[in-house]
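Take a look at the structure set out below.
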Amino acid sequence: MTHAPRPLISHPSGALKGQVRVPGDKSISHRALLCSAMNVGKTSISGLLEGEDVLHTADALRQMGVTITESGGYWEVRGVGVGGLSEPSGVLDMGNSGTGARLLMGLVASHPFTSFFAGDASLHKRPMKRVADPLTQMGASILARSNLRLPLALTGRDDLLPIAYTLPVASAQVKSAILLAGLNTAGDTTVIEPERTRDHTEIMLRHFGAKISGEAVKEGWKVTLKGRPDFAHKTLELKVPADPSSAAFAIVAALITEQSELRVTDVCVNPLRIGLFTTLKEMGASLTFENEREECGEKVADILVRASALKGIRVPAERAPSMIDEYPILAVAAAFAKGETVMEGLAELRVKESDRFNAILAGLSVNGVQAKAEGDTLIVTGGKVKGGGKVATHMDHRIAMSFLVMGMAAQEPVRVDDGGMIRTSFPDFMGLMNSLGATIEDVEDLHYFALPPRATKAPPLMIA
Ligand code: S3P
């Protein structure tokens with residue numbers, strides 16, 4: 001589906017004050033739906049992200065026989081049991097979501113039918129060979145164009161082979177696709193990751209009763225799932241914590257706007273997700289985790305943040321998996337920091353919802369920030385930010401939100417060409433940021449596109 005672009009503008013703003021909860025974690029929300037679909041009983045989910053990406057996953061599961069309802073923010077899933085999905089009659093439209101597409105490809109691979117996957121223009125550009133390789137090794141067949149992108153057809157089978165697979169790239173999506181395929185596969189399915197990536201799938205599968213273990217090995221981290229668990233919970237309750245990747249926008253906004261003090265509550269602080277917070281602290285951020293607790297196996301905390309003078313640092317490549325979605329907003333923080341911030345190991349940024357590596361460079365440059373690339377390293381020289389630029393977002397929600405945050409502390413407003421995609425992960429971003437003190441608004445088409453210069457003098461008054 002195509003949507004008309006929605007240009008937005010963010011004006012310099014005063015201090016941000018208050019307490020907020022950002023929407024549910026996107027990664028955990030996808031997994032909550034996918035695992036609940038495998039439960040024969042009823043699963044109730046609170047805090048689910050009601051963003052477009054997750055709604056696409058819910059619709060796809062509905063097409064395969066899962067009953068999913070929502071009432072007043074509470075979601076109820078009546079699943080079909082492990083291996084119980086039925087053949088979808090239509091195309092599975094995954095919208096903008098790489099996570100939805102890749103995880104669901106894994107789940108349907110162990111079902112003996114054909115599914116057709118499609119999405120929007122951004123998703124159709126994203127590499128799928130990384131999931132196609134292990135899934136075909138297990139026994140699924142995939143029909144796609146030569147570049148192995150969506151749209152594609154996947155034919156699964158219910159006698160897949162359990163494999164031991166070493167990930168060539170650090171990707172939680174690929175790991176999760178293999179584990180979800182392993183769910184309805186006899187025997188042990190093993191994934192070895194050279195660097196640890198977010199482990200929400202492992203935590204969720206364990207919560208549902210699967211036998212899944214993780215251990216350090218010389219090649220990295222090895223995860224082993226015992227196939228065909230019995231997910232037969234009459235009722236199960238899941239709580240989705242707030243998304244640290246969404247909290248990041250409010251947190252950086254508070255850091256760079258003077259006198260701000262903000263508490264962001266119920267944030268998922270899984271150690272494999274908090275690379276940005278570690279980095280910001282190293283840059284001099286006043287950031288405190290309060291009320292740390294555990295919910296459904298995930299670590300959760302409230303985060304108190306105060307405006308801070310930031311300084312540039314080196315962010316090592318090994319940290320990338322724990323903050324892979326946060327580089328656009330880190331680049332904005334770096335633009336306001338004193339000195340150079342060097343971000344290493346960013347190759348994966350080129351295959352996200354957009355080529356984020358280049359989108360960040362271009363967005364910084366149109367706003368007067370000095371930035372350069374050296375291979376997969378991004379170097380930003382911070383200081384005062386002029387702003388005043390119009391940023392091309394390339395259908396990428398995080399590029400849009402990051403540069404709108406930049407506008408809050410720059411000398412001149414910052415515009416983005418399309419904030420429409422923000423609905424995929426943070427539907428009320430504008431309302432929430434404005435409630436804290438930001439001024440982000442729609443740009444009227446008339447103002448946005450260059451107008452012919454106005455006559456400076458009023459025409460002479462004609463008196464008959
Ligand atoms: C995700 C994993 C990451 C991340 C994405 C969500 C997940 O992608 O960028 O937004 O939920 O597993 P990769 O697996 O491609 O690193």
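Of note:
- When the residues of the stretch 332-349 are filtered to those that are crowded, with 24+ Cβ neighbours inside 10 Å and part of a helix (DSSP H, G or I), the one that is farthest from the ligand (Cβ to nearest atom) is ALA335.
- Qualifying residue in the stretch 22-34 (condition: away from the ligand (no atom under 15 Å from the Cβ) and over 23 Å from GLY72 (Cβ atoms)): no
- Tally, over the stretch 285-314, of residues that are assigned to a strand (DSSP E or B) and either more than 16 Å from the ligand (Cβ to nearest atom) or modelled with pLDDT under 95 (or both): 20
- For beta carbons closer than 7 Å, sequence separation of 6+ or different chains, a first residue in the stretch 23-37 that is within 14 Å of GLY297 (Cβ to Cβ) and a second that is part of a helix (DSSP H, G or I) and within 9 Å of the ligand (Cβ to nearest atom), the qualifying pairs are SER27/THR99; SER27/HIS200; ILE28/HIS200; ARG31/HIS200; ARG31/THR201.
- Here LYS26 fits the description: in contact with a helix residue (DSSP H, G or I) (Cβ under 8 Å, 6 or more places away or on another chain), at pLDDT 95 or above and open to solvent by 10 Å² or more (accessible area, probe 1.4 Å).
- Among all residues of the stretch 316-331, there is none that is away from the ligand (no atom under 14 Å from the Cβ), among the polar types (S, T, N, Q) and either closer than 19 Å to GLY98 by Cβ or open to solvent by less than 20 Å² (accessible area, probe 1.4 Å) (or both).
- Identity of the residue in the stretch 367-403, assigned to a loop (DSSP other than H, G, I, E, B) and aliphatic (A, V, I, L, M), that ends up surrounded by the fewest Cβ atoms within 10 Å (Cβ to Cβ): ALA392
- Failed condition for GLU215, given (1) touching a residue at least 12 places away in the same chain (Cβ under 8 Å); (2) away from the ligand (no atom under 16 Å from the Cβ): (1)
- Evaluation of THR136 against the conditions (1) under 28 Å from PRO229 (Cα atoms); (2) in contact (Cβ under 8 Å) with a residue 12 or more places away in the chain shows that the sole unmet condition is (2).
- Exactly one residue out of LEU432, LEU361 is at pLDDT 95 or above, part of a helix (DSSP H, G or I) and touching a Lys or Arg at 6+ places or on another chain (Cβ under 8 Å), and it is LEU361.
- Qualifying position, being out of contact with any Lys or Arg (no Cβ under 6 Å at 6 or more places or on another chain), of a type in the set (A, V, I, L, M, F, W, C), modelled with pLDDT of 95 or more and not in a strand (DSSP E or B), among ALA177, ALA216, ALA210: ALA210
- Any hit, the stretch 71-83, residues being out of contact with any strand residue (DSSP E or B) (no Cβ under 8 Å at 6 or more places or on another chain) and charged (D, E, K, R): no
- Of residues in the stretch 135-162 being in a loop (DSSP other than H, G, I, E, B) and buried (at least 20 other Cβ atoms within 10 Å of the Cβ), the one nearest to the ligand (Cβ to nearest atom): LEU150
- In the stretch 180-207, residue most open to solvent (accessible area, probe 1.4 Å) [restricted to those that are part of a loop (DSSP other than H, G, I, E, B) and within 16 Å of the ligand (Cβ to nearest atom)]: ARG196
- Residue in the stretch 56-70 that is outside any helix (DSSP H, G or I), open to solvent by 10 Å² or more (accessible area, probe 1.4 Å) and small (Gly, Ala, Ser) present: yes
- Qualifying residue in the stretch 117-126 (condition: surrounded by fewer than 21 Cβ atoms within 10 Å (Cβ to Cβ), assigned to a helix (DSSP H, G or I), more than 12 Å from the ligand (Cβ to nearest atom) and touching a residue at least 12 places away in the same chain (Cβ under 8 Å)): yes
- Single condition THR166 does not satisfy, out of (1) more than 11 Å from the ligand (Cβ to nearest atom); (2) polar (S, T, N, Q); (3) open to solvent by less than 10 Å² (accessible area, probe 1.4 Å): (3)
- Boolean, ALA132 is within 16 Å of the ligand (Cβ to nearest atom), out of contact with any Gly (no Cβ under 9 Å at 6 or more places or on another chain), within 26 Å of PRO168 (Cα to Cα) and of a type in the set (A, V, I, L, M): yes
The values are calculated or read from the model by the stated rules, or taken from the named source; none is laboratory data. These figures come from a predicted structure and were not determined experimentally. Using ideal geometry, Cβ is built from the backbone for each residue, glycine included, and neighbour counts are taken over all protein chains shown. When the accessible area is computed, the model is the full protein with side chains, heavy atoms only, and any ligands, DNA or RNA have been set aside. Shrake-Rupley method; radii C 1.70, N 1.55, O 1.52, S 1.80 Å.
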